[in-house]
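Below you'll find the structure, written out as structure tokens, and then a few comments.
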């Protein structure tokens with residue numbers, strides 16, 4: 001059996017695909033799994049590390065701003081369609097799976113023309129352009145939220161299954177997580193990040209929070225993203241502050257953390273609810289249809305998280321962290337509420353359906 005994945009651009013699009021691929025390998029150890037993606041983005045680094053075969057196609061997103069790079073977009077579309085055709089011809093996949101984003105557009109389009117079973121998984125409440133364009137063409141559309149249906153063609157074959165998360169997330173103990181970062185498991189630990197690309201808003205407020213952590217003897221793990229890494233070396237001298245550009249093994253950061261500060265992307269929320277991590281969520285204000293705020297509000301209403309908007313970060317984040325991080329009773333309640341929202345078996349459900357589709 002051969003399964004071709006098209007996934008990448010951001011961690012939110014990539015990691016659900018990895019979760020599905022790992023579940024397939026668990027059930028079908030002899031399955032051949034290949035990922036198609038771009039050479040500049042996260043998938044080019046992460047996929048080979050996960051032990052999967054990786055093939056490059058030439059495609060990128062179309063910027064809504066006026067950019068010279070947009071002139072190449074029609075050429076990239078043509079080239080990526082040709083590359084996808086020859087890749088599929090060579091692999092003869094039983095199923096082709098995409099997890100949203102521009103990477104999966106040409107691969108799934110060509111696979112559908114070649115009558116190969118095709119799947120799109122959309123993790124966000126508001127589906128991306130690629131998902132909306134492909135929905136009526138592919139064999140099956142898997143979604144995370146019931147509300148997503150209203151944005152997708154009525155001709156699409158849709159199922160609500162949740163957002164798959166990687167098995168490794170549940171395999172690391174708090175002690176192992178703290179040891180990985182050389183932190184004290186007896187001290188409170190905060191993990192702050194803004195997704196695989198980082199968050200300028202969260203990064204801007206973190207120095208104030210780190211100063212407080214040093215004064216009040218709690219620990220901080222901070223993923224900055226690529227943009228801020230060179231300006232943050234001054235924090236590395238403190239043993240209780242761990243700053244990283246990007247975390248290849250984010251499961252250790254989650255395991256060490258008593259609480260998380262993050263954006264409210266669907267993949268992040270699926271990971272938080274799988275692990276039952278209390279969180280302060282900072283929705284990305286420019287997300288399509290404001291879907292991150294909708295995601296965060298769902299967590300707030302369930303008692304699993306608190307929300308603070310971008311424009312309130314400087315004023316409110318530090319006081320919220322200080323109020324919550326040492327409130328053991330509230331953290332336990334939030335953790336339980338978070339776990340109740342989780343769908344740890346989403347990957348297994350998807351794989352069962354995918355394996356039943358193979359030609």
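A short reminder: the numbers here are calculations on the coordinates, not readings from a lab. Being a predicted model, the structure only gives us computed values, none of them experimental. In this analysis, Cβ positions are derived from the backbone assuming ideal geometry, glycine residues included, and neighbour counts consider all displayed protein chains.
For residue 176, all conditions in the list (1) surrounded by 15 or more Cβ atoms within 10 Å (Cβ to Cβ); (2) outside any loop (DSSP other than H, G, I, E, B) hold save one; what is the number of the exception?
Residue 176 satisfies every listed condition except (1).
In segment 90-136, what residues are surrounded by fewer than 19 Cβ atoms within 10 Å (Cβ to Cβ) and closer than 23 Å to residue 1 by Cβ?
Scanning segment 90-136 gives 90, 91, 92, 94, 112, 113, 114, 115.
Tell me, yes or no, whether segment 138-151 has at least one residue that is in contact (Cβ under 8 Å) with a residue 60 or more places away in the chain, assigned to a loop (DSSP other than H, G, I, E, B), buried (at least 24 other Cβ atoms within 10 Å of the Cβ) and under 21 Å from the mean Cα position of the chain (by Cα).
Scanning segment 138-151 turns up at least one residue that is in contact (Cβ under 8 Å) with a residue 60 or more places away in the chain, assigned to a loop (DSSP other than H, G, I, E, B), buried (at least 24 other Cβ atoms within 10 Å of the Cβ) and under 21 Å from the mean Cα position of the chain (by Cα).
Sort through 24, 20, 77 and tell me the only one that's in contact with a helix residue (DSSP H, G or I) (Cβ under 9 Å, 6 or more places away or on another chain), more than 20 Å from residue 164 (Cα to Cα) and part of a helix (DSSP H, G or I).
Exactly one of 24, 20, 77 is in contact with a helix residue (DSSP H, G or I) (Cβ under 9 Å, 6 or more places away or on another chain), more than 20 Å from residue 164 (Cα to Cα) and part of a helix (DSSP H, G or I), namely 77.
Which one is surrounded by the fewest Cβ atoms within 10 Å (Cβ to Cβ), of the residues in segment 262-281 that are over 15 Å from the mean Cα position of the chain (by Cα) and under 18 Å from residue 223 (Cα atoms)?
Once the filter is applied, the top-ranked residue is 280.
Please determine whether any residue of segment 255-264 is within 12 Å of residue 181 (Cβ to Cβ) and not in a loop (DSSP other than H, G, I, E, B).
yes
Which residues, counting only those in segment 100-134, are without any contact (Cβ under 8 Å) to a residue 60 or more places away in the chain, within 21 Å of residue 352 (Cα to Cα) and touching a helix residue (DSSP H, G or I) at 6+ places or on another chain (Cβ under 9 Å)?
112, 118, 120, 122
Among the residues of segment 179-202, write down those that are free of Cβ contacts under 8 Å to residues at least 12 places away in the same chain and surrounded by 14 or more Cβ atoms within 10 Å (Cβ to Cβ).
The one that is free of Cβ contacts under 8 Å to residues at least 12 places away in the same chain and surrounded by 14 or more Cβ atoms within 10 Å (Cβ to Cβ): 179.
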